[in-house]
Every structure is written in C-alpha cells, then in structure tokens.
Amino acid sequence: MPDMHDEFLFPFKPTADRPLLGQTVLIVEDSRFASEAVRLMCLRCGARIRRADTLAAAARHLRVYRPSVAVIDLGLPDGSGRELIGDLAQTRPRLPVLLAMSGEPGAETAALAAGADAFLEKPLVSLSLFLETILSHLPRESRPKGPRPVLEGQVRPDRLALQDDLTHVCDLLGTADTAHRLRYVSGFLSGLGRSIGDDDLTGAARRLADLAGAGEPTARQKTILSAMVQARLADRPIAI
C-alpha cells in the first residue's frame with residue numbers, strides 16, 4: 001500500500017503536463033548513471049520511481065510494491081534481466097507495462113522474445129521517446145485525456161552518478177576473475193562508455209569481452225582498462 005506521503009505528492013489522475021501521475025516505475029538497473037536518467041524522466045512526467053540494482057533487490061521490491069511500469073536492464077550482476085522479464089510476463093495479473101533496456105547490439109530481439117512489451121536502447125536520453133513508449137502500452141483509462149504538450153528535450157544525469165559508476169567499475173576490475181564476472185564487467189563498462197560517448201572506453205571494454213570469450217589471458221587488458229578508468233576519474237569534471 002502506498003504511504004500517505006506518496007498519496008499526497010502524487011494524485012492518481014494524470015494531467016496534460018504530468019502524464020504519468022499515479023504510475024509507479026520500477027527501474028532494475030545496476031548503473032547509477034543510467035538510473036539517474038530514468039529518475040529525471042519520471043520526475044518530469046510525474047511518476048513515482050523505485051530502483052533495484054540486482055535481480056534479488058527487484059524481487060524484494062516486487063514483494064512489497066506493485067509497479068505499473070517495470071524498466072529492466074538486461075545485464076545485471078546476479079543474472080540476466082531476461083529472466084525477470086520472462087517471469088513477470090507470465091505473472092497474473094500482469095504488470096501493465098514491461099520494458100527492457102540495454103545498449104548491447106542484438107539485445108532487442110532477445111528482450112522481446114522473453115516477453116517485454118518494448119525495448120529502450122541505451123543511452124536513454126529522449127524524454128519524449130521514454131514517455132510515448134510507456135503511454136502506448138498503458139491501459140487507455142490510465143492515460144491523460146485530451147491533447148497534451150509534447151515533452152521535448154534530453155536528460156543529463158548528475159556527473160556524481162558517473163563518478164560512482166567509474167569507481168564501482170574499478171572495484172569490479174579488481175575482482176573479475178571468472179568468465180561470468182569478466183563478461184559482466186565488460187558489458188557494464190562498454191554500456192557506460194556508450195552512454196558518455198567515450199569510444200575508447202567502449203572499445204577497450206569490448207576487447208576484454210573478446211579475450212574472455214576466446215579463453216585468452218585478460219590480465220593485461222584489465223590493467224589497461226583500470227588505467228583508463230582511473231584517468232577519467234582524475235579528470236574532473238568529466239566531459240559528457
């Protein structure tokens with residue numbers, strides 16, 4: 001049950017300029033930077049937001065809250081977001097809107113096959129795309145009535161969220177000693193590189209994934225990546 005604070009701040013009737021009033025969005029995403037982008041979009045559109053950074057955390061949220069929208073990243077520390085999408089797609093009553101999100105090439109096909117209603121490609125920056133994707137899948141009675149202004153513009157997450165992600169990936173690189181962990185850290189870092197337009201970082205992360213996939217030594221590439229991340233952490237403020 002929503003608490004009184006939520007009820008006071010978020011009336012249940014959507015309006016033309018706050019078209020997602022009354023909706024609760026669960027974002028399942030391990031990147032602070034990507035989560036912050038979704039948070040800003042929800043704030044602009046009037047939706048509540050809950051965040052989980054693992055499949056286990058998402059399960060805890062879903063035992064307590066029933067969101068109307070779930071936005072699920074496919075690459076998570078404790079498994080694939082496709083697993084959660086598949087489970088939620090089969091749950092009855094089903095969530096009204098079930099969205100997948102990833103920056104990996106070819107991820108859309110797998111996400112839709114798992115049961116997602118739609119796919120959002122990272123980096124997610126367009127407010128209008130985010131809003132229209134959700135509204136197009138909400139039940140008609142949950143959408144604002146009459147014409148509404150087009151919410152244009154792009155979101156720019158707080159740079160502190162980016163610093164948090166870069167610090168986190170430094171720790172990940174130090175403990176990535178299995179094929180699974182190497183795939184995860186390379187996916188996390190390549191997604192972050194795409195989000196900030198850093199082609200060098202994205203390419204180096206993909207090189208790590210290629211080496212791990214081929215069963216070749218990765219120590220040198222991890223050292224290269226660690227140095228690149230440290231250099232970006234030392235370069236404050238980070239250009240994005």
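The values are calculated or read from the model by the stated rules, or taken from the named source; none is laboratory data. Computed from a predicted model, the values in this text were never measured in an experiment. Cβ coordinates were reconstructed from backbone atoms using ideal geometry, including for glycine residues, and neighbour counts include every protein chain displayed.
For every residue, the table says whether it meets (1) crowded, with 23+ Cβ neighbours inside 10 Å; (2) in the same structural domain as residue 38 (by TED's automatic domain parsing); (3) small (Gly, Ala, Ser).
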site	(1), (2), (3)
74	yes, yes, no
77	no, yes, no
85	yes, yes, no
90	no, yes, no
101	yes, yes, no
105	no, yes, no
110	no, yes, yes
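For region 61-106, the set of residues classified as within 20 Å of residue 121 (Cβ to Cβ), among the aliphatic types (A, V, I, L, M) and assigned to a loop (DSSP other than H, G, I, E, B) consists of 74 only. In the set 194, 232, only one residue is buried (at least 19 other Cβ atoms within 10 Å of the Cβ) and either on the phi < 0 side of the Ramachandran plot or of a type in the set (Lys, Arg) (or both); that residue is 232.
Going through (1) outside any helix (DSSP H, G or I); (2) modelled with pLDDT of 95 or more one by one, residue 197 falls short only on (2).
Across region 29-71, the qualifying residues are those that are under 20 Å from residue 186 (Cβ atoms) and among the hydrophobic types (A, V, I, L, M, F, W, C), and the one among them that is surrounded by the fewest Cβ atoms within 10 Å (Cβ to Cβ) is 55. Among residues of region 143-162 being surrounded by 14 or more Cβ atoms within 10 Å (Cβ to Cβ) and modelled with pLDDT under 70, the one that is farthest from residue 39 (Cα to Cα) is 148. Total residues in region 170-185 satisfying the condition of being under 11 Å from residue 222 (Cα atoms) and either out of contact with any Ser or Thr (no Cβ under 9 Å at 6 or more places or on another chain) or outside any helix (DSSP H, G or I) (or both): the figure is 4. Would you point out the residue of region 112-121, among those that are out of contact with any strand residue (DSSP E or B) (no Cβ under 6 Å at 6 or more places or on another chain) and either in contact (Cβ under 8 Å) with a residue 60 or more places away in the chain or not in a strand (DSSP E or B) (or both), that is surrounded by the most Cβ atoms within 10 Å (Cβ to Cβ)? Looking at the filtered set, the residue picked out is 114.
Looking only at region 41-54, decide whether some residue is under 21 Å from residue 193 (Cβ atoms), in contact with a Lys or Arg (Cβ under 7 Å, 6 or more places away or on another chain) and part of a helix (DSSP H, G or I). Scanning region 41-54 turns up no residue that is under 21 Å from residue 193 (Cβ atoms), in contact with a Lys or Arg (Cβ under 7 Å, 6 or more places away or on another chain) and part of a helix (DSSP H, G or I).
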